[in-house]
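Accompanying notes for the structure given below.
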Amino acid sequence: MMNCCGLLTLQKEPVPLKSIEVELEVRDHVATVVSTLNYENKEDKPLEAVFVFPLPGDAAVCHFSAQIGQTQIVAEVKEKQKAREEYDDALSSGQQAFLLEESDESADIFSLSVGSLPPGESASIRLEYVIELAVQADDGLRFCLPAVLNPRYQPQGSEGAGFQVTSVPASLVPYSLSFSARVSSPRPISKLESNCSLDPLQYLNTDQTQATVKLAAGHKFDRDVELLIYYKDAHQPTAVVEAGQASAEPGSLMGDPVVMVSLYPEFPQSVMSSMASSGEFVFLLDRSGSMSNTRISSAKDTLLLLLKSLPMGCYFNIYSFGSRYEHIFS
């Protein structure tokens, strides 16, 4: 079974995917990604299905909902064991239920138990997550939409860690992708680039601090979609204010407004040249319970190799962490 991502039956067979709709909202350095995936059960019997998908390790899921026919379910955060019990109870009583949880095998893979999908019925899954965009060497911000339903991980029981592929033959992608991005920043937006064909960039105001762009028509989701965002005056500090939710309790975490300050300093060439010849290095060593057996020995050997490879005249320190953290040099 090559394709182990997407909506699968308990026998690891894929439920047909009809379309994907992705809306990207970028505010300065942070992106909100809203994905809607539409499936259909073409069998003549109900299917108990599981939706398996990878997410970036630093992404935070902030909303999940699913709709089957006229039934819509919005996810709530609950203790894992209690959530599983409620899911089993709902299935045994003939009700539709959904269970979203992190995979035991990998922290960046989530699985969603969709429950019973009636024959001929459609399922629409909506997932929203937030992620900070990585800054590239040319000052661009990079967003990547992975070809999540194409083969990316080894099947269960195979040896070694999961491997990643960034493209597959277009003939193996029977579904469509709709992708749009809206970018806003206190700084003007100079350009947007992609490894895929885009429609022309559309500015929404005269100072060019807001813009939208879409994938060109006819795009086949046969590879990861990469988007590079470039701002003018990239090294100028900025601040973005987010209002609290009107429905949240006043004084609560979600009810209060928050401010995000972005600092991306530019160092003089003389400083960078001196750093390149000597440098400063900080090593982080995990000594928590998950590093038992041979893992801690391998980490120690790796640290020793890195220390022996340091250039002359550099500065370095070693931090280790478990239930608390410690550093070797003050």
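The values are calculated or read from the model by the stated rules, or taken from the named source; none is laboratory data. These figures come from a predicted structure and were not determined experimentally. Every residue, glycine as well, gets a Cβ built from its backbone with ideal geometry; the counts of neighbours run over all protein chains shown. Only protein heavy atoms, including side chains, enter the accessible area calculation; ligands, DNA and RNA are left aside. Shrake-Rupley method; radii C 1.70, N 1.55, O 1.52, S 1.80 Å.
Answer yes if at least one residue in region 220-243 is of a type in the set (Ser, Thr, Tyr) and assigned to a loop (DSSP other than H, G, I, E, B), and no otherwise.
We begin by selecting, within region 220-243, every residue of a type in the set (Ser, Thr, Tyr); these are 230-231, 238.
Pick out the ones that are also assigned to a loop (DSSP other than H, G, I, E, B) and you get none.
The answer is no, given that none of the residues of region 220-243 is of a type in the set (Ser, Thr, Tyr) and assigned to a loop (DSSP other than H, G, I, E, B).
Starting from residues that are more than 24 Å from LEU177 (Cα to Cα) and of a type in the set (S, T, N, Q), keep the ones in region 193-212 and report whichever is most open to solvent (accessible area, probe 1.4 Å).
Here the residue is THR206.
Among the residues of region 69-98, what is the count of those that are of a type in the set (A, V, I, L, M), modelled with pLDDT of 70 or more and open to solvent by less than 70 Å² (accessible area, probe 1.4 Å)? So that I can check it myself, show each step before the final result.
Let us first name the residues in region 69-98 that are of a type in the set (A, V, I, L, M), namely 73-75, 77, 83, 90-91, 97.
Checking the rest, the ones that are also modelled with pLDDT of 70 or more come to 73-75, 83, 90-91.
Subset that is open to solvent by less than 70 Å² (accessible area, probe 1.4 Å): 73, 75, 83, 90-91.
Adding up the residues that qualify gives 5.
Between residues in region 63-87 that are touching a residue at least 24 places away in the same chain (Cβ under 8 Å) and residues that are of a type in the set (D, E, K, R) and outside any loop (DSSP other than H, G, I, E, B), which pairs lie under 8 Å by C-beta distance while being six or more apart or on different chains?
Pairs that qualify, where the first residue is touching a residue at least 24 places away in the same chain (Cβ under 8 Å) and the partner is of a type in the set (D, E, K, R) and outside any loop (DSSP other than H, G, I, E, B), are HIS63/ARG126; HIS63/GLU128; PHE64/ARG126; PHE64/GLU128; SER65/ARG126; ALA66/ARG126; GLN67/ARG126.
Just give me the residues in region 285-330 being open to solvent by less than 50 Å² (accessible area, probe 1.4 Å), free of Cβ contacts under 8 Å to residues at least 12 places away in the same chain and more than 32 Å from the chain's Cα centre (by Cα), in sequence order.
Result: no residue meets the conditions.
With respect to VAL50, determine if the residue is at pLDDT below 85 and open to solvent by less than 40 Å² (accessible area, probe 1.4 Å).
On the way: at pLDDT below 85: yes; open to solvent by less than 40 Å² (accessible area, probe 1.4 Å): yes.
Taking the combined requirement at face value, the residue satisfies it.
Would you be able to say whether some residue in region 118-126 is closer than 23 Å to VAL15 by Cα, hydroxyl-bearing (Ser, Thr, Tyr) and at pLDDT 80 or above? Spell out the reasoning first.
Going through region 118-126, the residues closer than 23 Å to VAL15 by Cα turn out to be 118-126.
Now narrow it down to the ones that are hydroxyl-bearing (Ser, Thr, Tyr): 122, 124.
With at pLDDT 80 or above added as a condition, the list becomes 122, 124.
Scanning region 118-126 turns up at least one residue that is closer than 23 Å to VAL15 by Cα, hydroxyl-bearing (Ser, Thr, Tyr) and at pLDDT 80 or above.
Quick check: is even one residue across region 136-156 in contact with a helix residue (DSSP H, G or I) (Cβ under 8 Å, 6 or more places away or on another chain), surrounded by 14 or more Cβ atoms within 10 Å (Cβ to Cβ) and modelled with pLDDT under 80? Before the answer, list the steps.
Step one: filter region 136-156 for residues in contact with a helix residue (DSSP H, G or I) (Cβ under 8 Å, 6 or more places away or on another chain), giving 150.
Add one more test, that the residue is surrounded by 14 or more Cβ atoms within 10 Å (Cβ to Cβ), and what stays is 150.
Restricting the remaining residues to those that are modelled with pLDDT under 80 gives 150.
Yes, region 136-156 contains a residue that is in contact with a helix residue (DSSP H, G or I) (Cβ under 8 Å, 6 or more places away or on another chain), surrounded by 14 or more Cβ atoms within 10 Å (Cβ to Cβ) and modelled with pLDDT under 80.
Of the residues ALA239, ALA299, only one is modelled with pLDDT of 85 or more, of a type in the set (Gly, Ala, Ser) and under 26 Å from SER185 (Cβ atoms); which?
Details: ALA299 fails: under 26 Å from SER185 (Cβ atoms).
On inspection, the qualifying residue turns out to be ALA239.
Out of (1) part of a strand (DSSP E or B); (2) in contact (Cβ under 8 Å) with a residue 60 or more places away in the chain; (3) in contact with a Phe, Trp or Tyr (Cβ under 9 Å, 6 or more places away or on another chain), what's the single condition that is false for PRO56?
Failing condition for PRO56: (1).
What do you reckon, is LEU37 closer than 20 Å to ALA147 by Cβ, modelled with pLDDT under 90 and within 16 Å of the chain's Cα centre (by Cα)? Quick ask: steps written out before the conclusion?
Values: closer than 20 Å to ALA147 by Cβ: yes; modelled with pLDDT under 90: yes; within 16 Å of the chain's Cα centre (by Cα): yes.
Taking the combined requirement at face value, the residue satisfies it.
Got a sec? Which of GLY279, GLY244, GLY255 is surrounded by 10 or more Cβ atoms within 10 Å (Cβ to Cβ), at positive phi and not aliphatic (A, V, I, L, M)? Please lay out each step first, then the result.
On the way: GLY244 fails: at positive phi; GLY255 fails: at positive phi.
It is GLY279.
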